[in-house]
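Notes for the one structure printed next.
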Amino acid sequence: MTDSPRVLIVGAGAIGSFYGAILARGGARVEAVSRSEATVIREQGFRINSQDMGDLSFKPDAVYESVEDVATPPEFVLLSVKVLDDLDRAALIRPAVGPETVIVLVENGIDIERPIKEAFPDNPLVSGLAFVAVSRTGQAQSEHKAYGRLVIGEYPAGAGDACQRFSALLEAGGVNCPISDSLVTERWRKAVWNAAFNPVSVIAGGATTTTMLDAPGGEEFMVTLMQEICAVAAAAGHPLDPELPQKAIPGTRKMPPYHNSMALDFLNGRPMEVEAILGNVIRAAREHNVDIPHLESVYRVTKMAQQRIAVEG
């Protein structure tokens, strides 16, 4: 690893800027792409207030309005945009990817790596799962409420040099970054929470985690959804701890009342990652003939909310 590796953040929202701050603290030269907020970021940097880690604010070493403006490929491209049906993520990062560039995905969902690997078969692809509560509060401004651990692994499997180098940067910046040689299983593990809490927050009108759990029957309903996701994961070849749904409840309660990413998108009338987070779980269940009546209902109602946003704006 060089003394100051270059990391280009594509998708410099709450998640991207948070890990950008940690990478900068770990000694990386962090650059960012932001079409709409480039001027603000150049002038004031990212403003990130952390309840656990203090002031994480920082100025990137370079700010671009477009990926096409990146003159030379960086060592790492960290992609943290939303996984949406109409966004070609491979085309988005292609101008910045060189022969030696490591692509790092810090994004939600199941089976999100395949299109990137198909587009860049010769580049190391590191997939990351962020266990962090961080929300955007304004232009280039975010609030970090809890956690921060990033679990990474190479796709489709492995834990080679690219993972080791990226993990070392995050660890040096103060965030735990364990490496898994079975990252797809880890994605299913995270989906147990994400594919339950994210869509239900939308159905409940943009509810926080606390509101969902405190509602009459809320805990029991969320556990039922998570149990169905575990059944799909097992059928897809990724069996998980059967007690995981029950164990997720106290961990969620430890967080301050939290609007997850889909709730925030819903409340702000933005496109939501319904297919990446829940739709791919539904399709895996159908492929493996797993009965998931509660998840099917949640999926249909969430799609109605998505349609309303698309039609009414």
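The values are calculated or read from the model by the stated rules, or taken from the named source; none is laboratory data. No experiment lies behind these values; they were computed from the predicted model shown. Glycine also receives a Cβ, built like all others from the backbone with ideal geometry; neighbour counts cover every protein chain displayed.
Under the condition of being under 23 Å from ILE277 (Cβ atoms), outside any strand (DSSP E or B) and of a type outside the set (Gly, Ala, Ser), which residue from segment 126-167 is modelled with the lowest pLDDT? First the steps, then the outcome.
Here is the first cut: in segment 126-167, the residues under 23 Å from ILE277 (Cβ atoms) are 126-137, 142-157.
Pick out the ones that are also outside any strand (DSSP E or B) and you get 155-157.
After this cut, where a residue has to be of a type outside the set (Gly, Ala, Ser) as well, the list is 155-156.
Numbers: TYR155: 94, PRO156: 89.
Checking each candidate, the answer is PRO156.
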* **Members of segment 177-220 found to be touching a Pro at 6+ places or on another chain (Cβ under 8 Å), part of a helix (DSSP H, G or I) and farther than 24 Å from LEU105 by Cβ, listed by number** => THR209, THR210, THR211
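Confirm whether GLY205 is under 22 Å from the mean Cα position of the chain (by Cα) and either at pLDDT below 95 or closer than 18 Å to TYR147 by Cα (or both).
Values: under 22 Å from the mean Cα position of the chain (by Cα): yes; either at pLDDT below 95 or closer than 18 Å to TYR147 by Cα (or both): no.
Considered against the rule, which asks whether it is under 22 Å from the mean Cα position of the chain (by Cα) and either at pLDDT below 95 or closer than 18 Å to TYR147 by Cα (or both), GLY205 comes out as no.
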* Structure fact -> Within segment 58-89, restricting to residues that are among the hydroxyl-bearing types (Ser, Thr, Tyr) and farther than 24 Å from ILE152 by Cα, the one that is surrounded by the most Cβ atoms within 10 Å (Cβ to Cβ) is TYR64
* Of the residues that make up segment 221-233, is at least one more than 20 Å from the chain's Cα centre (by Cα), in the same structural domain as VAL298 (by TED's automatic domain parsing) and not in a helix (DSSP H, G or I)? -> no
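Matching residues to (1) in a strand (DSSP E or B); (2) farther than 23 Å from CYS163 by Cα; (3) among the hydrophobic types (A, V, I, L, M, F, W, C); (4) out of contact with any helix residue (DSSP H, G or I) (no Cβ under 9 Å at 6 or more places or on another chain):
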residue: ILE15; (1), (2), (3), (4): no, no, yes, no
residue: GLY20; (1), (2), (3), (4): no, no, no, yes
residue: VAL30; (1), (2), (3), (4): yes, no, yes, no
residue: GLU43; (1), (2), (3), (4): no, yes, no, yes
residue: LEU78; (1), (2), (3), (4): yes, no, yes, no
residue: LEU84; (1), (2), (3), (4): no, yes, yes, no
residue: LEU92; (1), (2), (3), (4): no, no, yes, no
* Asked: Can GLN246 be described as within 24 Å of GLY148 (Cα to Cα) and modelled with pLDDT of 95 or more?
  -> yes
* Are there any pairs, at least 6 apart or on different chains, whose C-beta atoms fall under 8 Å, with the first in segment 164-178 and in contact (Cβ under 8 Å) with a residue 60 or more places away in the chain and the second of a type in the set (Val, Ile, Thr) and not in a helix (DSSP H, G or I), and if so, which? -> ARG165/VAL102; PHE166/VAL102; PHE166/VAL104; PHE166/VAL126; PHE166/ILE152; LEU169/VAL7
* Structure fact -> Of the residues in segment 134-155, those that are within 18 Å of VAL192 (Cα to Cα) and surrounded by fewer than 21 Cβ atoms within 10 Å (Cβ to Cβ) come to TYR147, ARG149, VAL151
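Check segment 275-289 and report whether any residue there is in a loop (DSSP other than H, G, I, E, B) and either exposed (fewer than 13 other Cβ atoms within 10 Å of the Cβ) or free of Cβ contacts under 8 Å to residues at least 40 places away in the same chain (or both).
Within segment 275-289, the subset in a loop (DSSP other than H, G, I, E, B) is 288-289.
Adding the requirement that they be either exposed (fewer than 13 other Cβ atoms within 10 Å of the Cβ) or free of Cβ contacts under 8 Å to residues at least 40 places away in the same chain (or both) leaves 289.
Yes.
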